[in-house]
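The values are calculated or read from the model by the stated rules, or taken from the named source; none is laboratory data. In this text the structure is predicted, and so the values were computed from the model without any measurement. Using ideal geometry, Cβ is built from the backbone for each residue, glycine included, and neighbour counts are taken over all protein chains shown. The area values use the complete protein model at the heavy-atom level, side chains included, leaving out ligands, DNA and RNA. Shrake-Rupley method; radii C 1.70, N 1.55, O 1.52, S 1.80 Å.
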Amino acid sequence: MAMTGVLRPGHAQLRVMNLEEAVHHYRDIMGLIETGRDAEGRVYLKCREEVDHHSVVLREADAAGLDFIGFKVLNEATLDQLEADLNAYGIATTRIPSGEMLETGERVRFQVPSGHWFELYAKKTAVGNGCGLVDPTPWDPASIRGMAPLRFDHALLYGPNIAEVTKIFTEVLGFTLVERVLNPEGTANLIVFMSCSIKSHDIAFAEYPEPGKLHHCSFAMESWDDVLRAGDIMSMHKVPVDIGPTRHGVTRGRTIYAWDPSGNRFETFKEDRQSYPDQEPLTWTFEALGEGGGLDYVQRKLHDTFLTVVT
Ligand code: M3P
Ligand code: FE
């Protein structure tokens, strides 16, 4: 498959209420690698298999949540084109200058009707994954620490107007709708899972009255064993766990949901399902989200935190 437009979710900037506590969580317990701090005090981290300078940025604030997600696009021409396409669709954009975020080029920022802020960017310094570019090693022993996720994989966001947001992602940004969960009446989508690749999802949205909310940021693990091992580490450090270890019926991922010290949910996740853009989306009824194992295929129940606890 030719990937020519939006490549992947490249970074998430998270609000945390105590910066050093958050750094301890993401760097020392989860095992992300700290790659920088800027004049504003933001802390930059990357996962071990990521090549670019950072994928998680922590910003100290009074309340937890998500500032924005950035998607990397193929090149500058793609960035210009997608900016023009967004504007033509009626979405205002602003350019954030190169260097405002460490090691990152110009970013095109916009808000969607769910209240979430996104940005597109074409350049970020490649710092490598420690394996080398010639005769590479399969993994870098120095990069294995804590839960040791491979990469920032996707996020699930809660907010209003997700039908409009779905249109923007599919019609303007080139994403594919991979799976969806219907609302209880069966009249509209309650949750949509969209992909700009063959991943089961690169971004997901759930209909929710309050705008701009974060349900979780997900981190890809190398194996199901690594998901269970992440669970051991959560227990050792008394990280509060929400759901799992289990399998999602929706998108089939193997998962644990847990919370960082500020209450931002994160997921350690092993993807099981992939999908190509020519495939029909899969549909789940609202009843199947709970009893049908959509959320938790093992327990077949709709954990009440799933639809109510967000930051
Ligand atoms: C995920 C995932 C639902 C499943 C959610 C799935 C809404 O978070 O990463 O696959 O049932
Ligand atoms: Fe997820």
*Selection within region 238-271 - touching a residue at least 40 places away in the same chain (Cβ under 8 Å), more than 9 Å from ligand 1 (Cβ to nearest atom), within 24 Å of ALA12 (Cα to Cα) and not basic (Lys, Arg)*: VAL239, ASP242, ILE243, GLY244, ASP260, PRO261, SER262, GLY263, ASN264, PHE266, THR268
*asked:* Within region 111-139, take every residue that is polar (S, T, N, Q) and in a loop (DSSP other than H, G, I, E, B) and give me the one that is least open to solvent (accessible area, probe 1.4 Å).
replied: SER114
*Within region 272-291, work out how many residues are more than 10 Å from ligand 1 (Cβ to nearest atom) and closer than 15 Å to PRO184 by Cα.*
5
*Report yes if HIS201 is within 15 Å of ligand 2 (Cβ to nearest atom) and outside any strand (DSSP E or B), otherwise no.*
yes
*Which condition number does GLU207 fail, the rest of (1) away from ligand 1 (no atom under 14 Å from the Cβ); (2) in contact (Cβ under 8 Å) with a residue 24 or more places away in the chain; (3) open to solvent by 40 Å² or more (accessible area, probe 1.4 Å); (4) under 26 Å from ARG15 (Cα atoms) being met?*
(1)
*Assess whether ALA142 counts as being closer than 20 Å to TYR44 by Cα, in a loop (DSSP other than H, G, I, E, B), more than 16 Å from ligand 2 (Cβ to nearest atom) and not charged (D, E, K, R).*
no
*Go through region 238-311 and tell me which strands (runs of 3 or more DSSP E), entirely inside it, have 2 or more residues that are open to solvent by 30 Å² or more (accessible area, probe 1.4 Å), assigned by TED's automatic domain parsing to the domain that holds VAL178 and under 20 Å from ASP225 (Cβ atoms).*
241-247
*Would you check which residues across region 272-300 are small (Gly, Ala, Ser) and under 30 Å from ARG15 (Cβ atoms) and list them?*
GLY294
*Which one of the conditions (1) part of a loop (DSSP other than H, G, I, E, B); (2) in contact with a helix residue (DSSP H, G or I) (Cβ under 7 Å, 6 or more places away or on another chain); (3) hydrophobic (A, V, I, L, M, F, W, C) does VAL108 fail to meet, given that it meets all the rest?*
(1)
*Taking region 175-204 on its own, how many of its residues are surrounded by fewer than 16 Cβ atoms within 10 Å (Cβ to Cβ) and among the small types (Gly, Ala, Ser)?*
2
*Quick one: count up the residues across region 79-97 that are in contact (Cβ under 8 Å) with a residue 12 or more places away in the chain and touching a Ser or Thr at 6+ places or on another chain (Cβ under 7 Å).*
2
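If you check ASP38 against the conditions, is it open to solvent by 10 Å² or more (accessible area, probe 1.4 Å), within 13 Å of the chain's Cα centre (by Cα) and not assigned by TED's automatic domain parsing to the domain that holds GLU222? Walk me through how you get there before you give the answer.
Working: open to solvent by 10 Å² or more (accessible area, probe 1.4 Å): yes; within 13 Å of the chain's Cα centre (by Cα): no; not assigned by TED's automatic domain parsing to the domain that holds GLU222: yes.
For ASP38, the condition - open to solvent by 10 Å² or more (accessible area, probe 1.4 Å), within 13 Å of the chain's Cα centre (by Cα) and not assigned by TED's automatic domain parsing to the domain that holds GLU222 - is not met.
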*Applying the selection to region 9-32, what residues are open to solvent by 20 Å² or more (accessible area, probe 1.4 Å) and in a strand (DSSP E or B)?*
ARG15
